[in-house]
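Structure, as structure tokens:
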Amino acid sequence: MRQVILILISCLFSVGVFGQFDQDKKAIISDIENKAEEYFSVAMKIWHYAELGYQEERSSGLLQELLTEQGFSIEKGVADIPTAFVATYGSGKPVIAILGEFDALPGVSQTASPFREKREDVNAGHACGHHLFGAGSMAATIEVKKWMQANEIKGTLRFYGTPAEEGGAGKVYLVREGLFDDVDGVLHWHPSNSNSANAASSLANKSAKFRFYGVASHAAGSPWNGRSALDGVEAMNAMVNQMREHISPDSRIHHVITSGGEAPNVVPEFAEVFYYCRHPEMRMVKQNFEWMVEIAEAAAQGTQTKMEYEVIHGLFNVLPNETLARVVHDNLSALGGIEYTEEEERYAEKIIESFEYASNVSINHVKNVAPFKLIRKGQGGSTDVGDVSWAVPTAGLRTATWVPGTSAHTWQAVAAGGTTIGKKGMILAAKTLALSAIDLYRDTSLLIKAKEELDLLKGPNYKYEALIGDRKPPLDYRN
């Protein structure tokens with residue numbers, strides 16, 4: 001009986017939602033719903049591939065193949081990245097782009113079970129939901145293209161296949177190569193545990209691997225003949241920890257020791273530590289990072305080792321564009337949130353039981369769309385969408401592809417992303433992106449206003465200088 005009531009409520013909700021849209025938008029919503037299983041099957045293939053950054057050959061190839069079948073022209077290997085591509089339909093202005101990601105994270109292997117259960121075939125997982133990101137954005141792009149073709153809409157539609165968002169800064173290289181220079185507006189989305197479309201910033205971020213080189217020797221028999229590279233790493237870590245007291249509380253610095261020696265009885269001749277340096281403002285990231293380099297040099301001098309460092313990635317903070325963000329928010333709000341079935345509720349409850357620190361979690365949270373917020377000061381994580389947002393007006397959204405209370409980069413996120421819970425969030429995102437793109441093609445004054453807003457925020461003397469400098473894409477950073 002309860003299931004019947006839920007179905008009736010869902011039907012009434014759908015009627016209410018459809019009543020807010022014109023015939024073209026209703027047709028797109030209907031078409032996405034009818035092809036939901038087909039689009040989700042693409043996401044699940046990428047979920048099973050679980051390919052790491054710059055290694056996403058099958059994931060990228062699958063999206064390229066499907067977009068080619070739909071009449072898009074494909075430019076492969078852009079910005080010297082084998083798995084990056086641009087799919088294009090149409091010509092002329094306006095140029096509207098939709099972003100798609102598809103890289104997984106290392107060490108987060110998980111099945112779709114609501115219990116911790118490692119996949120035996122892979123040691124990685126889509127703990128940030130980029131399989132849904134890529135497939136959902138592709139779905140939206142295909143539906144917008146069909147609308148443009150049927151209605152003879154002038155303009156250009158692009159899908160940017162952007163690899164290695166997780167620490168590889170894939171989009172930064174595309175921005176640096178000028179691949180967004182003629183774009184008028186960019187739309188994107190990201191998996192989450194709730195539904196929102198805020199005009200929100202993020203943290204700027206610069207990372208590097210600091211490598212110390214010493215002299216090997218017997219750690220007991222003749223340690224005086226050795227110089228420990230690990231001592232260099234530990235000295236650097238100690239001084240960075242002392243540095244924390246004297247930097248802005250908004251700063252975030254974290255690290256892992258990626259190599260610390262082979263055996264306790266051998267003085268390590270090589271050691272490496274991988275650092276992230278974040279702050280809401282790019283200038284503070286630069287300042288703190290330069291201080292960290294000075295510390296690394298001092299650590300090497302104090303331990304009589306040699307040091308070199310390699311910048312791995314650098315990301316701007318997202319520059320929120322309120323004009324475009326309100327378009328996306330209006331469409332998401334009109335579509336509404338997500339309804340779980342009884343089976344999905346049971347699954348969600350099991351996931352929630354696995355949380356060690358989350359409290360006061362409500363499954364009903366997914367039914368709502370958060371009120372609009374303008375958040376100028378970055379918080380939380382970082383994204384290479386930041387560099388895109390300084391080049392062209394950009395707006396995005398988040399939908400509940402994970403159980404409420406789920407943190408990104410966890411096995412729980414991998415699991416839910418492989419179920420119908422992930423599917424529902426992806427389909428909601430695809431609808432929102434498609435409807436928002438249509439609004440921008442119909443009313444190009446929104447793009448003009450968005451560009452004026454962007455120019456005002458950047459200031460008259462702004463000149464783009466990537467935090468990565470002139471380095472080439474780190475195609476082997478996950479090896």
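Can you work out the PRE-style zone for residue 373? Point 7 Å along Cα to Cβ, and I want the residues of the range 195-216 with backbone N under 18 Å.
It comes to 195-204, nothing else.
DSSP beta bridges in the chain, what fraction antiparallel, as a percent rounded to 5?
Numbers: 42 of 61 bridges.
Here the share of antiparallel DSSP bridges comes out near 70 percent.
With 10 angstrom as the radius, rank 69, 344, 177 by how many other C-beta atoms surround their C-beta, starting from the fewest.
Working: 69 9, 344 19, 177 14.
In increasing order of surrounding Cβ atoms, one gets 69, 177, 344.
When only C-alpha pairs under 8 Å and at least 6 residues apart count, what is the relative contact order of the chain, in percent?
Numbers: 1058 pairs, mean separation 108.9, N = 479.
Taking the mean separation of contacting Cα pairs over the length of the chain, I get 23 percent.
Out of the range 232-292, which GluC sites (Glu not before Pro) are coil in DSSP terms and have no more than 11 other C-beta atoms within 10 Å?
Values: sites: 234, 245, 262, 269, 272, 281, 290; in loops: 262, 269, 281.
Here the sparse-neighbourhood loop sites are 262.
When the distances between all Cα atoms of the range 204-315 are binned every 10 Å from zero, what whole-number percent does each bin get?
Values per bin, smallest distances first: 16, 44, 27, 11, 2, 0.
If you take the charge dipole of the range 398-479 about its Cα centre, with +1 on Lys and Arg Cβ and -1 on Asp and Glu Cβ, which of 430, 469, 416 is farthest toward its positive end?
My answer, from the dipole projection, is 416.
For residue 378, what residues show an amide H to amide H distance below 5 Å, using hydrogens built from the backbone and excluding near sequence neighbours?
Amide H neighbours of residue 378: 202.
Expressed as an acute angle from 0 to 90° and rounded to the nearest 10, what is the orientation of the C-alpha long axis of helix 2-18 relative to the principal long axis of the chain?
80 degrees
Working out 0.36 nm times the residue gap between residue 464 and residue 301, then minus their Cα-Cα distance, what length gain in nm do you get to one decimal? Present the calculation step by step, with values, prior to reporting the outcome.
Values: separation 163, 0.36 × 163 = 58.68 nm, distance 3.47 nm.
Additional length available on full extension: 55.2 nm.
Give a quick list of GluC sites (Glu not before Pro) in the range 403-479 that DSSP marks as loop, anything other than H, G, I, E or B, with at most 16 other Cβ atoms within 10 Å.
Values: sites: 452, 453, 465; in loops: 465.
Loop-located and lightly packed - 465.
Anything over 21 Å Cα to Cα? Flag those among 76/286; 118/350; 424/451; 35/171; 367/431; 35/424, in the order listed. Intermediate values should be presented prior to the final figure.
Values: 76/286 33 Å; 118/350 17 Å; 424/451 33 Å; 35/171 29 Å; 367/431 16 Å; 35/424 12 Å.
Where the Cα-Cα span goes over 21 Å, the pairs concerned are 76/286; 424/451; 35/171.
If you project the alpha carbons of the chain onto the principal axes, what extent comes out on each, in Å, largest first?
Each principal axis gives a Cα extent; for the chain these are 80, 56, 41 Å.
FYI, it's all coordinate maths here, none of it is from the lab. Keep in mind the model is a prediction, meaning the values are calculated, not measured. Cβ atoms come from the backbone with ideal geometry, glycine included; neighbour counts cover every protein chain shown.
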